[in-house]
Amino acid sequence: MLGVLAVPLGLIAFFVVFCLLILLGVTWYKSSKAEIPPGIANPKFLWRLHTFFTGVLILGKALEKSRILNSSGLMTFLSKILTPKLKDDPEIFKKDLQFDGVPVRVYQPRSPSVGGRKGVMFFHGGGFAYGSIDYYDSLCVHLAKNSEAVVVSVGYRLAPEHRCPAAFDDCLKATVHFLKTAQEHGVDPSSVIICGDSAGGNLTAGVCQCLVGIADIPKPLAQVMIYPLLQMADFNTPSYQQNKMVPLVFQDDVINIVLIYIGADLSLSKEILKGSHVCPEIREKLSKWWSSEEFQVKDYKLHIMAPFNKGVYEKVKKSLELACSPLFSDDAVIRQLPKAYILTCEFDVLRDDGILYKKCLEDNGVPVTWFHVKDGFHGIANYFDQPEVVSAKLAVDNVITYIKNL
């Protein structure tokens, strides 16, 4: 009996090892296509991160085809396993709550405070499909502890299960609730900052713009955007051209993120890259910005968009609306926004989204503080607690200093 069972078990073991070897081979091949440019922070550390995430995505796609688990589900599962067990900090009180039905985690400094504290609404990154309150827990503890502000991390719904505008709606609902009830959490209602990184930066900008039209609630004190995604029209900006194969986010990754978020077919990626979905009004805005002095970049070749295709536009028009592309909102709304802080990284496809928004805000009289990480890559702030990644700690400390000085 044992001999009979030994053969299939051996075959199973061989098959598992064979699949692992294939996974490692494909991961190595895909990872080798990445570009690690001179001058980027911690190239070896970045390479290890990129290789790991590449392997996870490849495995996720294989499991998705087998209808076992999709990529976002795998990433969530692994993040729970790999994220260190959440530790209580004696200086921070944490509580999981619901703000108007949206899950949040409130980080409250235990130190005494004279008067109301500042409050920070935090929207995590992850391309609208990844990330979680737990994954960003250590960053939010650090933010609350060092800024002495009450931080509220929002667990908004994720794609592909929840398409646009689910994430935006959740962040807006949670923010309105907090602005109305800030005093219950020891926060001065006039001292609430909206903050987010990457996709969370997109949600920050969109929520702040939507709040302009909501009466009878306190207005945010400031908006803080960390390497934000702010437009889904032009994927050939100078930074997209320069960094299209630089980890941790490639040009193709952003396009796929957009299509997944809005629920469009991934086969439209080539049309999106060419810009055939961009309507004349937005083309005019982009043309005006690209002709300005800020974007006379050496070696940058102006990308001529494909002719406008109304059929493509109709399929992806959500990508150009407020919940996806806050960069293109009317000047009348932009002029009413609170002061802003924008952090960008040199080696990041989204660098110029931040710079474009900086120009848009300044042109409309909104004060902007800009911090540029000259050796930074996308997602660097998540590694602020890694001693070898010095630029990450400097970036997060700069954000904290801005918040403290408001």
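The table below lists the values:
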{"item": "Subset of the stretch 282-331 [without any contact (Cβ under 8 Å) to a residue 24 or more places away in the chain and closer than 19 Å to Ile262 by Cβ]", "result": "Lys310, Gly311, Glu314, Glu321"}
{"item": "Given (1) crowded, with 24+ Cβ neighbours inside 10 Å; (2) out of contact with any Cys (no Cβ under 8 Å at 6 or more places or on another chain); (3) more than 26 Å from Lys404 (Cβ to Cβ), number of the condition Tyr156 does not satisfy", "result": "(2)"}
{"item": "Some residue of the stretch 238-245 being assigned to a loop (DSSP other than H, G, I, E, B) and buried (at least 17 other Cβ atoms within 10 Å of the Cβ)", "result": "yes"}
{"item": "Positions within the stretch 312-329 being within 15 Å of Lys359 (Cβ to Cβ) and among the hydrophobic types (A, V, I, L, M, F, W, C), in sequence order", "result": "Leu327, Phe328"}
{"item": "Which numbered condition Ile304 fails, given (1) in contact with a helix residue (DSSP H, G or I) (Cβ under 9 Å, 6 or more places away or on another chain); (2) surrounded by fewer than 18 Cβ atoms within 10 Å (Cβ to Cβ); (3) not in a helix (DSSP H, G or I)", "result": "(1)"}
{"item": "Residue check for Leu320: crowded, with 19+ Cβ neighbours inside 10 Å, closer than 20 Å to Ser239 by Cβ and at pLDDT below 95", "result": "no"}
{"item": "Count of residues meeting criterion [of a type in the set (Phe, Trp, Tyr) and modelled with pLDDT of 90 or more] in the stretch 293-310", "result": "1"}
{"item": "Residues of the stretch 269-281 satisfying the condition of being touching a residue at least 24 places away in the same chain (Cβ under 8 Å) and under 20 Å from Leu57 (Cβ atoms)", "result": "Ile272, Leu273"}
{"item": "Which numbered condition Asp216 misses (of (1) in a loop (DSSP other than H, G, I, E, B); (2) touching a residue at least 60 places away in the same chain (Cβ under 8 Å))", "result": "(2)"}
{"item": "Test: residue in the stretch 146-167 that is assigned to a helix (DSSP H, G or I), within 13 Å of the chain's Cα centre (by Cα) and touching a residue at least 24 places away in the same chain (Cβ under 8 Å)", "result": "yes"}
{"item": "Given (1) within 29 Å of Ile380 (Cβ to Cβ); (2) surrounded by fewer than 19 Cβ atoms within 10 Å (Cβ to Cβ); (3) touching a residue at least 60 places away in the same chain (Cβ under 8 Å), number of the condition Leu266 does not satisfy", "result": "(3)"}
{"item": "Qualifying helices (runs of 4 or more DSSP H) (wholly inside the stretch 326-405; at least 2 residues being crowded, with 22+ Cβ neighbours inside 10 Å and not charged (D, E, K, R))", "result": "351-363, 390-405"}
{"item": "One residue from Gly196, Gly186 being under 14 Å from the mean Cα position of the chain (by Cα) and not polar (S, T, N, Q)", "result": "Gly196"}
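Here's the yes/no breakdown for (1) within 25 Å of Ala392 (Cα to Cα); (2) modelled with pLDDT of 95 or more; (3) in the same structural domain as Asp352 (by TED's automatic domain parsing):
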{"residue": "Cys195", "(1), (2), (3)": "yes, yes, yes"}
{"residue": "Asn202", "(1), (2), (3)": "yes, yes, yes"}
{"residue": "Gln209", "(1), (2), (3)": "no, yes, yes"}
{"residue": "Pro218", "(1), (2), (3)": "no, yes, yes"}
{"residue": "Ala233", "(1), (2), (3)": "no, yes, yes"}
{"residue": "Gly263", "(1), (2), (3)": "no, yes, yes"}
{"residue": "Leu273", "(1), (2), (3)": "no, yes, yes"}
{"residue": "Val278", "(1), (2), (3)": "no, yes, yes"}
{"residue": "Ser291", "(1), (2), (3)": "no, no, yes"}
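The values are calculated or read from the model by the stated rules, or taken from the named source; none is laboratory data. The structure displayed is predicted, hence computed values, not measured ones. As a convention, Cβ positions derive from the backbone with ideal geometry for all residues, glycine included, and neighbour counts pool all protein chains shown.
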